[in-house]
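Trainee: One structure is given below, represented as structure tokens, and several questions about it will come after.
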Ligand code: 5AD
Ligand code: SF4
């Protein structure tokens, strides 16, 4: 039997899909090269914004055609969107043709459920949050040979007022320290050069154990320090971190770790204190600026990127202007910018003063213009500099070129050779665009 996985959403989901592929392969399935070949189609879903959900329902709707073409095909939808408590009603309306629906806690059960469908059972829905038997070391089929993702903490306790994640991914659960280290060792012996440590809020690592009284439980800095000791792994990244938990002490520790220190992703969300408070972010623009100052003082060459949301309920033109001014001061290397999307069940949905879509779009546009200009200027400052690039492969946009990344996570386009893939090479930057550097 062959399987096909379609993934929507963030890096957590991409990695979950690698694990789902690994589980299915261990159960004797093979990866299909395209949808029409597959006997089992898995859609890994995301619900962070309405736009994602609309796209996914469209995709799921189109899968009906697969059932007509190949009546025995098994359709499974898994992940965040399926974990929402409104799912029953939605499935009734748009998902009757799905055979298996699994939330974020039960994906490892997929082979068992496929077997039950093959034995004649009708639609199975399992969105139970009971995960006491969740296996820690699941097989995974990695997309890349030399870059890998490693879970370190699951769930989120922050309840930012706009965010659905704590409702669909549950409370913070740190992954066993020695299991993480064993995975890193095994990746290194497979030739992996770069790891991305994953969690909704990696800074919280170990807090759950400390809350339960284990005062010596390792923290996030300990994970970074131990990961840095793993020979063969040259670069360590993490996603996502929370500015509230990013202490000066953590920056000090990171500045001692050459494999880690050149890149920070620090989601700001808004540059207006009133909005940050309404978002329940737990820091203000002054706190945030002190972290930026600290990072720039300790590692002047580090790149810093962020996430920003425009049009949060109650955001006035003056508030938005504060964000623009603040972003101009922060000078981020890049920003992932989003239009606020009301998510049912989150506190922000019921706030009065929702911002009209046209206003949100117009703000996004202005923010993008500003940020693109800053990104370009910061990239231009690289021209003439030598950078160490981990070569990823052929560029997706132009097969004449190769693509790779600097330690500061900048994409570099260059003329490469197949044997360079997976190695770190020195290049001199000759050109700069908004989203990438060139060495031509
Ligand atoms: N609307 C818009 N953007 C959101 N994000 C999270 N929830 C929402 C929402 N309801 C953004 C945040 C977060 C990123 C992963 O997605 O900026 O950092
Ligand atoms: Fe969502 Fe906030 Fe948790 Fe990030 S920290 S997943 S934005 S609730």
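Every number here is computed from the coordinates shown, using simple stated rules; none is lab data. Please read these numbers as outputs of a predicted model, since none were measured by experiment. All Cβ positions, even for glycine, are placed from backbone atoms using ideal geometry, and neighbour counts span all protein chains on display.
Trainee: Got a sec? How would 193, 122, 6 order by Cβ neighbour count within 10 Å, fewest to most? Walk me through the intermediate numbers first.
Mentor: Numbers: 193 20, 122 7, 6 16.
Ascending number of Cβ neighbours within 10 Å: 122, 6, 193.
Trainee: Hey, what D do you get for the range 363-440 in µm²/s if you plug the Kirkwood alpha-carbon radius into Stokes-Einstein at 4 °C and 1.567 mPa s? Before the final figure, lay out the partial values.
Mentor: Details: Rh = 12.8 Å.
Value of D from the Cα-based Kirkwood radius: 101 µm²/s.
Trainee: To continue, here is another question. Just the ratio, please: alpha-carbon radius of gyration of the range 282-440 over 2.2 N^0.38 Å, N its number of residues.
Mentor: Values: Rg = 18.9 Å, N = 159, 2.2 N^0.38 = 15.1 Å.
Normalised Cα radius of gyration, the range 282-440: 1.25.
Trainee: Please state the Cα pair-distance histogram of the range 66-121 with 10 angstrom bins from zero: what percent is in each bin?
Mentor: Here the calculated profile for the range 66-121 is 22, 52, 26, 0.
Trainee: Calculate the translational D of the range 216-318 in whole µm² s⁻¹ from Stokes-Einstein, where the hydrodynamic radius comes from the Kirkwood formula applied to all Cα pairs, the temperature is 20 °C and the viscosity 1.002 mPa s.
Mentor: On the way: Rh = 14.9 Å.
Calculated translational D: 144 µm²/s.
Trainee: Compute the orientation-averaged projected area for the range 10-116 from the convex hull of its Cα atoms and round it to one decimal in nm².
Mentor: Details: hull surface 26.4 nm².
Result: 6.6 nm².
Trainee: Report for the chain the percent antiparallel among DSSP-assigned beta bridges with both residues inside it, nearest 5. All intermediate terms of the calculation are to be shown ahead of the outcome.
Mentor: Numbers: 17 of 60 bridges.
Of all bridge pairs located within the chain, approximately 30 percent are antiparallel.
Trainee: Now a separate question. In percent, how large is the relative contact order of the chain, given Cα pairs closer than 8 Å and 6 or more residues apart?
Mentor: Numbers: 828 pairs, mean separation 43.9, N = 440.
So the answer I get is 10 percent.
Trainee: Using just the Cα positions, wrap the range 157-233 in a convex hull and report its mean projected area in square nanometres, one decimal place. Write out the running numbers ahead of the final one.
Mentor: Numbers: hull surface 23.5 nm².
Directional mean of the projected Cα hull area for the range 157-233 stands at 5.9 nm².
Trainee: Okay, moving on. Please report 82, 12 as a ranked list, fewest other C-beta atoms within 10 angstrom at the top and most at the bottom.
Mentor: Numbers: 82 29, 12 22.
With the fewest neighbours first, 82, 12 line up as 12, 82.
Trainee: Ok, one more. What does the helix-only formula give at 222 nm for the chain: each DSSP H stretch with n ≥ 4 adding -39500 (n - 2.57), the total divided by the residues, and the result rounded to the nearest 500 deg cm²/dmol? Intermediate results must be reported in sequence, preceding the final value.
Mentor: Numbers: 14 runs with 150 residues, N = 440.
Mean residue ellipticity, 222 nm, calculated: -10000 deg cm²/dmol.
Trainee: With viscosity set to 1.306 mPa s and temperature to 10 °C, compute the Stokes-Einstein D of the range 54-196, Rh being the Kirkwood radius across alpha carbon pairs; µm²/s, no decimals.
Mentor: Values: Rh = 17.4 Å.
Result for D is 91 µm²/s.
Trainee: Still on this model: Would you compute, for the Cα atoms of the chain, the largest minus smallest coordinate along each principal axis and list the three values in descending order, in whole Å?
Mentor: Sorted from largest, the Cα extents of the chain read 63, 57, 52 Å.
Trainee: Roughly what % antiparallel, to the nearest 5, for the DSSP beta bridges in the range 149-277? Spell out each step's value before the answer.
Mentor: Working: 2 of 10 bridges.
That works out to approximately 20 percent antiparallel.
Trainee: If you take every DSSP beta bridge fully contained in the range 309-440, what fraction is antiparallel? Give it as a percent rounded to 5.
Mentor: Numbers: 15 of 21 bridges.
Bridges in the range 309-440 are about 70 percent antiparallel.
Trainee: Among 88, 126, rank each residue by its count of other Cβ atoms within 10 Å, from fewest to most, as a rough exposure measure.
Mentor: 88, 126
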